[in-house]
């Protein structure tokens, strides 16, 4: 990192002089006092100025830009050329991946690869950030297509439970998929849902009320 030594009649003045030389604000530097000012005999002879060392800190990195760069590198390593569209909403920062080639490689079976990438993307986004940034990752509208599939599945299985008066146990699902089904049936007048088991084999049970 770049370092300079600046001087002034007071420490504050020395810091201001150093900031002016670097053309940055105080948030961009670490300041170390090298020498305290002293007044000398009669305030004239032997007067010594304050000296400070200013160390320039690295340029702050936009966590979302860094995350996008990470995703481009992952895609490139898989032989894919992708575009990433960014949108911000109440859920966080949504990064939608599209491109040419087999984008399904980034999605995986039932979105497992996409979920793993989303986990890594959140680590990258927050490793240098003072405030938490939530990254929601999608590819070729997989999340919406998956949501619609699970909503239809929920309604169909709820109907089966009502007719048979027997509970239905679903196959293991990710937490995100389970959340969709719980939400879809939470206000259903005739069935209710709960989860059982441990990850990664945790599953939903739909049962009559």
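Here's a check for you: in the stretch 24-40, which residue that is over 15 Å from residue 55 (Cβ atoms) and outside any strand (DSSP E or B) is farthest from the chain's Cα centre (by Cα)?
By that ranking, first place goes to 40.
Would you please name the residue that is surrounded by the fewest Cβ atoms within 10 Å (Cβ to Cβ), looking only at residues in the stretch 132-146 that are more than 14 Å from residue 107 (Cβ to Cβ) and without any contact (Cβ under 8 Å) to a residue 60 or more places away in the chain?
Selected residue: 132.
With the condition kept exactly as written, say whether any residue in the stretch 158-175 is within 26 Å of the chain's Cα centre (by Cα) and at pLDDT 95 or above.
no
Okay, residues lined up against (1) within 30 Å of residue 3 (Cα to Cα); (2) surrounded by 18 or more Cβ atoms within 10 Å (Cβ to Cβ); (3) touching a strand residue (DSSP E or B) at 6+ places or on another chain (Cβ under 6 Å):
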position: 53; (1), (2), (3): yes, no, yes
position: 61; (1), (2), (3): yes, no, no
position: 72; (1), (2), (3): no, no, no
position: 84; (1), (2), (3): no, yes, yes
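Any residue at all in the stretch 21-42 that is out of contact with any helix residue (DSSP H, G or I) (no Cβ under 7 Å at 6 or more places or on another chain), closer than 29 Å to residue 125 by Cβ, in contact (Cβ under 8 Å) with a residue 40 or more places away in the chain and surrounded by 12 or more Cβ atoms within 10 Å (Cβ to Cβ)?
Checked against the condition, which is being out of contact with any helix residue (DSSP H, G or I) (no Cβ under 7 Å at 6 or more places or on another chain), closer than 29 Å to residue 125 by Cβ, in contact (Cβ under 8 Å) with a residue 40 or more places away in the chain and surrounded by 12 or more Cβ atoms within 10 Å (Cβ to Cβ), the stretch 21-42 yields no hits at all.
Got a sec? Which of 124, 169, 151, 133 is within 14 Å of residue 193 (Cβ to Cβ) and touching a helix residue (DSSP H, G or I) at 6+ places or on another chain (Cβ under 6 Å)?
None of the others qualify; the one that does is 151.
For the stretch 71-85, does any single residue satisfy the condition of being free of Cβ contacts under 8 Å to residues at least 40 places away in the same chain, under 16 Å from the mean Cα position of the chain (by Cα) and more than 20 Å from residue 119 (Cβ to Cβ)?
yes
The values are calculated or read from the model by the stated rules, or taken from the named source; none is laboratory data. Computed from a predicted model, the values in this text were never measured in an experiment. Using ideal geometry, Cβ is built from the backbone for each residue, glycine included, and neighbour counts are taken over all protein chains shown.
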